[in-house]
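A.B. asks: A single structure is presented below for examination.
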Amino acid sequence: KNEVEQSPQNLTAQEGEFITINCSYSVGISALHWLQQHPGGGIVSLFMLSSGKKKHGRLIATINIQEKHSSLHITASHPRDSAVYICAVKGGSEKLVFGKGTKLTVNP
Amino acid sequence: NAGVTQTPKFRVLKTGQSMTLLCAQDMNHEYMYWYRQDPGMGLRLIHYSVGEGTTAKGEVPDGYNVSRLKKQNFLLGLESAAPSQTSVYFCASRRNYRGSSSYEQYFGPGTRLTVT
């Protein structure tokens, strides 16, 4: 079993829909990282959080440390949000453990 | 600021050839990382560095060497390329600072390497 599991693997939505991507992990962590990988391949950091909730524009990330679960929400989705969203967790070592990603397609 | 840059962007090697990938960052970050990304798998850490002159092995270090002679540069070397090293390679960096926000990593654009 992977240490970091993301669901769903693929997600197709219509423009304007509310999107939720989930990340569950099995190890103790000090922080969780949400990343976005564009169709061109570049990787951009969205959030780094260790508790509670963070918001940036239409993106909201939450984490529940007790349940070992995080969610990434996108409000009023747009075709430009189409990308692969990656969850990564940091434990006690320097290594980040990455999920396999959720591919989001938002249709106009 | 350019952030994190990688050269080259694409490369094709024959089996047994050697090459060096260069990562440069202008954010004065202490920590630097090399990852590989393969289809159906998450990013995997090859080697990392916690400061100038230091390197450490990650999850998949075999077949790679690294050097961090200058704080802003982190080099990844393949001494004798193998088809199994066909992948997309990403470099990343982060600052050394207390608090969870310091763990945030900034990624380069990637290098697509094909070994035939």
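The values are calculated or read from the model by the stated rules, or taken from the named source; none is laboratory data. All values derive from a computational prediction rather than experimental measurement. Please note: Cβ atoms are built from the backbone with ideal geometry, for glycine as well, and neighbour counts cover all protein chains shown.
A.B. asks: Any residue at all in segment B:76-85 that's more than 10 Å from every other protein chain (Cβ to nearest Cβ), in contact with a Ser or Thr (Cβ under 6 Å, 6 or more places away or on another chain), within 21 Å of residue A:45 (Cβ to Cβ) and assigned to a strand (DSSP E or B)?
C.D. replies: no
A.B. asks: Looking at the structure I just gave you, is residue A:21 in a strand (DSSP E or B) and hydrophobic (A, V, I, L, M, F, W, C)? Break it down stepwise before answering.
C.D. replies: Details: in a strand (DSSP E or B): yes; hydrophobic (A, V, I, L, M, F, W, C): yes.
So residue A:21 fits the description; yes.
A.B. asks: Report yes if residue B:67 is over 13 Å from the mean Cα position of the chain (by Cα) and among the small types (Gly, Ala, Ser), otherwise no. Quick ask: steps written out before the conclusion?
C.D. replies: Working: over 13 Å from the mean Cα position of the chain (by Cα): no; among the small types (Gly, Ala, Ser): yes.
Spelling it out, it is not the case that residue B:67 is over 13 Å from the mean Cα position of the chain (by Cα) and among the small types (Gly, Ala, Ser).
A.B. asks: Restricting attention to segment B:4-47, which residues are of a type in the set (A, V, I, L, M, F, W, C), at pLDDT 95 or above and part of a loop (DSSP other than H, G, I, E, B)?
C.D. replies: Hits for segment B:4-47: nothing passes.
A.B. asks: Taking the condition of a type in the set (Val, Ile, Thr), in contact with a Leu (Cβ under 6 Å, 6 or more places away or on another chain) and at pLDDT 95 or above, does residue A:60 pass?
C.D. replies: On the way: of a type in the set (Val, Ile, Thr): yes; in contact with a Leu (Cβ under 6 Å, 6 or more places away or on another chain): no; at pLDDT 95 or above: yes.
Taking the combined requirement at face value, the residue does not satisfy it.
A.B. asks: In segment A:35-53, which residues are of a type outside the set (Ser, Thr, Tyr), at the interface with another protein chain (Cβ under 10 Å from one of its Cβ atoms) and more than 17 Å from residue A:80 (Cα to Cα)?
C.D. replies: Correct list: A:47, A:48, A:49.
A.B. asks: Being under 12 Å from the mean Cα position of the chain (by Cα) and more than 15 Å from residue B:6 (Cα to Cα) narrows it down to one of B:31, B:35, so name that one. First the steps, then the outcome.
C.D. replies: Numbers: B:35 fails: more than 15 Å from residue B:6 (Cα to Cα).
Every option except B:31 fails the conditions.
A.B. asks: Name the one entry in A:70, A:77, A:93 that is more than 11 Å from every other protein chain (Cβ to nearest Cβ) and either surrounded by fewer than 17 Cβ atoms within 10 Å (Cβ to Cβ) or part of a strand (DSSP E or B) (or both). Walk me through it before giving the result.
C.D. replies: Details: A:77 fails: either surrounded by fewer than 17 Cβ atoms within 10 Å (Cβ to Cβ) or part of a strand (DSSP E or B) (or both); A:93 fails: more than 11 Å from every other protein chain (Cβ to nearest Cβ).
Answer to the selection: A:70.
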